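Notes for the one structure printed next.
No value in this document is a laboratory result; all are computed from the given coordinates. The structure displayed is predicted, hence computed values, not measured ones. Counting neighbours? That spans all protein chains shown, and the Cβs are built from the backbone with ideal geometry, glycine included.
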Amino acid sequence: MRPFLDRASPFAGVIEIRICYTAYSTTKLLTLITFDEVTIIQGAAFSGCAGLSSAVFPALSYISYNGFYNCTRLKDLYLLGSSMVSIYGRDAFGNTPMSNSAYLGEFGSIHVPASLYESYLSYGAWSWFSSRFVSIEEEV
């Protein structure tokens with residue numbers, strides 16, 4: 001299995017780096033991940049990664065359906081890019097501390113740049129997670 005697929009976009013020669021559908025699904029040993037250049041997380045890419053507690057994405061632009069579904073220990077997600085990340089819907093974080101904190105007994109946090117914080121609070125499907133956002137100061 002090849003977890004990454006580099007693919008040229010038809011728009012202005014932009015290169016997309018994707019984590020493919022179910023690429024890391026049910027991988028038990030992942031605890032902390034950082035993908036500096038990944039732009040797209042396809043469906044169920046990390047679904048069922050029970051040990052995953054923190055994820056960092058400086059260049060992410062899109063999270064597809066069930067991207068982190070059933071990552072029951074995912075407490076911290078860092079979306080550090082200079083533009084907002086789009087999500088397929090609230091099921092991108094189904095059964096995670098971002099969505100089911102009462103059921104799981106703990107809360108998760110989605111860390112975003114201060115310049116985008118207000119936008120995330122009210123933007124489409126992200127509004128479902130408005131109580132989970134944490135504003136982080138950007139380095140000058």
What distance in nm separates the simple spin-label points at S115 and L30, each placed 7 Å from Cα in the Cβ direction? 2.8 nm
Assertion target for L116, L52, L30, ordered by fewest C-beta neighbours within 10 angstrom first, is L30, L116, L52
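Ranked highest first by average number of other Cβ atoms within 10 Å, how do 38-44, 87-93 line up?
Values: 38-44: 21.4, 87-93: 19.9.
Top to bottom by mean Cβ count within 10 Å: 38-44, 87-93.
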